[in-house]
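Chemist: Please find one structure pasted underneath; my questions will follow.
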């Protein structure tokens, strides 16, 4: 990695993290200040990312304080060790907690003895830190996995017996769905390794009714909302606007079309430029996929062909446009504007 790295501190929902990116906004990795774990993107220089994190920590080795504005307009210091406020388990709204974000610009090959670090405040991130969650670090299948875990915890014995007897339950459906999303994410990782211009966000919660986008893919070939459908051993048949799984008609094409239209509208409003989103249904694990007639406005792409298919899309977005759309897409407020 031959360019400077930016380290941004983010506190929200009981988390305290450092996000590392290049100056053009490309993700390089992140570090959990609570657990001490570091995560480096596949396309990044691991040593450079870890050095940037270490330099940031060294530069803030003293007591870190934050400020809050009191009712009388005065600023009061808040110790950084104060316990972060967590969300109510049933999703009740909480008052936003103060946040302190500092950006550290680090040379690619710093001298360990005298690390050249310049600290500055990112005004845009600071202004909106209490207003949105950064979705760029969400794991694939996060929404589906949470649903499966909740159902398992609600009925652990019944869930165990259902697994032993191979009974199809709602918990199994969510769990299998999460597994499928993780498999698609693995293919998208290959896409990013081959062309770092592509950006991906997983498990995007949309609206307030439990909807989510499995994967949003943004790159030179356009913007795509991917809907993973995991049907191990199934027979899939597609003809025009009809999607059949083992002889049963499924609403996947209609849902994908609606999801893409909704994403296009929300991203256009948030990014300030027209954003066209194409819906893609990704079958996973099927033994047989027959496409008699391709749908007109939704793509159906087998998971193993996904990377090459995306790479083959005609280039329609330049780097500034990709960055603008990605910055809008990673904000949770883009998808829950109200």
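Chemist: Answer yes or no as to whether residue 192 is out of contact with any helix residue (DSSP H, G or I) (no Cβ under 9 Å at 6 or more places or on another chain) and at pLDDT 90 or above. Working first, answer last.
Modeler: Values: out of contact with any helix residue (DSSP H, G or I) (no Cβ under 9 Å at 6 or more places or on another chain): yes; at pLDDT 90 or above: yes.
Criteria met by residue 192.
Chemist: Go through the range 297-330 residue by residue and tally those that are assigned to a loop (DSSP other than H, G, I, E, B) and either touching a residue at least 60 places away in the same chain (Cβ under 8 Å) or over 22 Å from the mean Cα position of the chain (by Cα) (or both).
Modeler: Pass one, the range 297-330, residues assigned to a loop (DSSP other than H, G, I, E, B): 297, 301-302, 312-318, 330.
Remaining after also requiring either touching a residue at least 60 places away in the same chain (Cβ under 8 Å) or over 22 Å from the mean Cα position of the chain (by Cα) (or both): 297, 312-318, 330.
Qualifying residue count for the region: 9.
Chemist: Residue 292 versus (1) surrounded by fewer than 21 Cβ atoms within 10 Å (Cβ to Cβ); (2) modelled with pLDDT of 95 or more: which is the lone unmet condition?
Modeler: So the condition that residue 292 fails would be (2).
Chemist: May I pose another question? Contact list please: Cβ distance under 6 Å, first residue in the range 195-209 and more than 13 Å from residue 136 (Cα to Cα), second residue in a loop (DSSP other than H, G, I, E, B) and modelled with pLDDT under 90, pairs at least six apart or on different chains.
Modeler: So the pair list comes out as 196/43.
Chemist: Out of the residues in the range 4-60 that are within 21 Å of residue 199 (Cα to Cα), assigned to a loop (DSSP other than H, G, I, E, B) and within 20 Å of the chain's Cα centre (by Cα), which is modelled with the lowest pLDDT?
Modeler: Within the range 4-60, the match that is modelled with the lowest pLDDT is 42.
Chemist: Of all residues being in contact with a strand residue (DSSP E or B) (Cβ under 7 Å, 6 or more places away or on another chain) and over 23 Å from residue 188 (Cα atoms) in the range 241-269, which is surrounded by the most Cβ atoms within 10 Å (Cβ to Cβ)? Just the residue, please.
Modeler: The selected residue is 243.
Chemist: Next question, about the same structure. Going through the range 220-255 one residue at a time, which ones are within 27 Å of the chain's Cα centre (by Cα) and over 19 Å from residue 304 (Cβ atoms)?
Modeler: Initially, the range 220-255 is screened for residues within 27 Å of the chain's Cα centre (by Cα), giving 220-232, 250-255.
Scanning the range 220-255 gives 220, 222, 223, 225, 250, 251, 253, 254, 255.
The values are calculated or read from the model by the stated rules, or taken from the named source; none is laboratory data. Since we're looking at a predicted model, the values are computed, not measured. In this analysis, Cβ positions are derived from the backbone assuming ideal geometry, glycine residues included, and neighbour counts consider all displayed protein chains.
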